[in-house]
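Right, one structure below, let's go through it.
Derivation of every value follows stated rules applied to the coordinates shown; laboratory data play no part. A quick note: this is a predicted structure, and the numbers were derived from the prediction, not measured. We place every Cβ from the backbone using ideal geometry, glycine too, and count neighbours over all the protein chains shown.
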Amino acid sequence: MQLSKQQAEQRTDQVYDVLVVGGGPAGLSAGIYLQRYLLSTLIVDKGKARSLWMQEMHNYLGLPPDSSGRDLLKQGKAHYLSLDGDYLNAFVEEATDEGETFALRVRIGRNNPSYVTLRSRYLIAASGIIDNLPTFTDMQNVYDYAGYNLHVCLICDGYEMQGQRVGVFGRNEGSLEVAFSLGWFTSDITLFTGGAFDVSDGFRDRLRTHGYRLEERPLHRFVGENHIMSGVELRDGTLIPLDAGLVSMGSKYHADYLNGIDLEYKGGNLVTDGMNRTSHPRIFAVGDLKVGLNQVIVAAADGALAATQIWRDIRRQEGSRAPAKQSAA
Ligand SMILES: Cc1cc2nc3c(=O)[nH]c(=O)nc-3n(C[C@H](O)[C@H](O)[C@H](O)COP(=O)(O)OP(=O)(O)OC[C@H]3O[C@@H](n4cnc5c(N)ncnc54)[C@H](O)[C@@H]3O)c2cc1C
């Protein structure tokens, strides 16, 4: 059920089989499988998932190509709730390993928040990442286009950029490397530094070889209308027309609540085995937060794998949860 603050406070004596941090595609998929394995589950989600940015998902088997992230999450949450899983809109601040259980300190509400501690035997980290965007004085100008034709994911949207005039926005020379992969789809590429970092002579040579342009003047804003970006205006007033943009400025990893637990990371991503178990035997990681491919179809599969391994673990300990058969009189 969708838990209110009061109902969450009543759950503090209970130990869930699994607590899932994050209600994106990875967490919801895990929740659906867990409930179908008769395991008690709570998903805690703070909202504003990365998946909400997906205006249209063109690469998911079985779904029409205009399916939005918003619809996917709505449908996935309804499916999970129909299986009697618990769901709480809240922010997980801290996870503590108590030995047999995890204690999660959870903040409910933004203004005048209250705190509860909820417990589970297993933990699934499904809290994802969020992309860094170019910082302009008017950030609304960036949000107007991000997720439309200002892309953040080459794997998701390279196909859409075929033959287009594309601007690549980076935060350092390394982040601009994505331009060479984008070159698979289009050769009309301008790389923007915004004047924020230097580019080496070797890199400039490679750009020249590929015929890509480098623009190092400071940026002012995107131009366009109805969420379709049509170019970039530089601070000196120059307008550079574009058909699309690709932002490559790194991400923030939503894993602060795990800071008190010793886990293996690669960069900001959690390292897992083939069933998505982390270096801690009772913590699993799924979706964008773990090492792997940041795609919805992978996140959904990740949830299925983690839930199945947790069921196997618990089944081996408990044997069965089927009610005992009445013996014939
Ligand atoms: C613009 C854009 C377009 C994309 N297009 C595609 C596409 O076409 N096809 C495709 O396959 N993929 C696409 N992706 C990638 C896709 O969105 C991700 O791979 C997918 O969302 C990963 O799912 P997730 O469940 O791991 O993370 P998310 O969807 O980000 O969900 C994680 C959830 O955890 C919550 N959370 C984080 N920290 C906490 C906390 N401490 N407490 C409680 N909750 C927390 C977050 O708020 C969020 O709701 C796109 C991404 C973007 C940004």
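Here the spin labels are modelled as points 7 Å beyond Cα on the Cα-Cβ line, and at SER114 and HIS210 they lie 5.4 nm apart.
Give the average over all directions of the projected area of the C-alpha convex hull of the chain, one decimal, in nm².
Working: hull surface 83.5 nm².
Approximately 20.9 nm², given one-decimal rounding.
Given a cut-off of under 8 Å on Cα pairs at least six residues apart, what relative contact order in percent is computed for the chain? Intermediate results must be reported in sequence, preceding the final value.
On the way: 677 pairs, mean separation 67.0, N = 329.
Normalised by residue count, the contact order of the chain is 20 percent.
Counting only DSSP beta bridges with both residues in the chain, the antiparallel share comes to about 45 percent.
Can you list the GluC sites (Glu not before Pro) in region 232-329 that are in a DSSP coil and have 12 or fewer other beta carbons within 10 angstrom? Intermediate results must be reported in sequence, preceding the final value.
Details: sites: GLU233, GLU264, GLU318; in loops: GLU264.
For GluC sites (Glu not before Pro) across region 232-329 that sit outside H, G, I, E and B with at most 12 neighbouring Cβ atoms in 10 Å, the list reads GLU264.
Taking the average, over residues, of other Cβ atoms within 10 Å as the packing measure, peptides 141-150, 19-28 rank 19-28, 141-150 from highest down. Averaging the Cα positions of each part gives two centres, and for region 120-166 and region 1-66 these lie 21 Å apart. In the chain, the DSSP-assigned H stretches of four residues or longer account for a calculated mean residue ellipticity at 222 nm of -7000 deg cm²/dmol, using -39500 (n - 2.57) per stretch and the full residue count as denominator.
In terms of distances greater than 24 angstrom between alpha carbons, the cross-link table entries LYS5/LYS252; LYS48/LYS290; LYS46/LYS74; LYS48/LYS252 yield LYS5/LYS252. Taken along the Cα-to-beta-carbon direction at a fixed 7 Å, the label points for ASP313 and LYS5 span 3.3 nm. Apply the a/c threshold of 1.5 to the C-alpha gyration tensor of region 133-248 and tell me whether it is rounded, prolate or oblate. In terms of gyration-tensor shape, oblate.
Applying a length cut-off of 15 Å (Cα extent along the axis) and a mean Kyte-Doolittle floor of 0.0 to the DSSP H helices of the chain leaves 25-36, 296-318. A straight line joining the Cα centroids of region 278-310 and region 185-264 runs 30 Å.
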